[in-house]
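Data first, discussion second: the structure below is written as structure tokens.
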Amino acid sequence: MGYYTRFTLTQERNPISVETLSEEISSRLGMNYALQSDGSPSDSTKWYEHDEDMLKLSAKYPKTVFKLYGEGENNGDIWAKFYHDGKMKHEIRLESTLPEPDLDAIAPVEDYEPEFDPSKGMENAGELFLLLERAIGFIRVSQEYTTEGSTGARSIVTEGIKLLKDCRS
């Protein structure tokens with residue numbers, strides 16, 4: 001098994017000749033499987049020694065800034081590493097997280113009035129937990145401004161905990 005990545009190598013500053021780059025790629029075992037002779041991607045491959053190979057290459061051509069770009073097999077695993085003068089100087093990784101929506105802008109807490117029936121037992125739990133989560137968030141925000149503003153939210157949480165206990169019994 002192993003982890004497959006699709007690599008691309010470019011020269012960002014002070015490039016060496018295409019012929020020299022081609023010779024370097026073909027002379028390095030992992031590199032010649034991962035890259036075409038011009039640095040363009042080959043098939044996705046396992047090139048675990050890419051850092052070691054790139055450090056050697058950049059040490060041999062210290063004025064050239066090399067950029068190694070990788071797309072891993074896991075969704076969102078995209079990165080770029082920059083090598084110069086025998087060192088990896090910079091690494092960037094794609095941050096692929098979705099921002100959390102402002103649920104209060106979508107449906108404010110005061111507009112949300114779930115109906116709880118303790119006789120339904122745990123069927124109410126999902127709705128109850130959502131309400132409690134929002135109330136706890138309200139407490140955190142209101143405590144930043146005033147301690148009096150959180151009294152209403154505290155009573156919602158207290159009431160919610162009572163309802164949850166009723167649902168469990």
Notebook entry, point to check: From Pro41, Pro62, which residue is in contact with a strand residue (DSSP E or B) (Cβ under 8 Å, 6 or more places away or on another chain) and modelled with pLDDT of 95 or more?
Noted result: Pro62
Note to self: If I ask for residues that are within 24 Å of the chain's Cα centre (by Cα) and aliphatic (A, V, I, L, M), which ones from the stretch 2-57 would you list?
What the structure shows: Leu9
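When the residues of the stretch 27-38 are narrowed to those that are part of a helix (DSSP H, G or I), among the aliphatic types (A, V, I, L, M) and surrounded by 16 or more Cβ atoms within 10 Å (Cβ to Cβ), which ends up modelled with the lowest pLDDT? If you could, list the steps in order and put the result at the bottom.
If we filter the stretch 27-38 for residues that are part of a helix (DSSP H, G or I), which is where we start, we get 27, 29-34.
Then drop every residue that is not among the aliphatic types (A, V, I, L, M), which leaves 29, 31, 34.
Okay, now just the ones that are also surrounded by 16 or more Cβ atoms within 10 Å (Cβ to Cβ), so 31, 34.
On the way: Met31: 90, Ala34: 93.
Looking at the filtered set, the residue picked out is Met31.
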Note to self: I'd like the full set of residues that are assigned to a loop (DSSP other than H, G, I, E, B) and of a type in the set (D, E, K, R), limited to the stretch 39-73.
What the structure shows: Asp43, Lys46, Glu49, Lys63, Glu73
Checklist line | Count of residues meeting criterion [in contact with a Leu (Cβ under 7 Å, 6 or more places away or on another chain) and among the hydroxyl-bearing types (Ser, Thr, Tyr)] in the stretch 2-54 | finding: 1
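The values are calculated or read from the model by the stated rules, or taken from the named source; none is laboratory data. Just so it is clear, the structure is predicted and the values come from calculations on it, not from any experiment. Note that we place each Cβ from the backbone using ideal geometry, even for glycine, and neighbour counts take in every protein chain shown.
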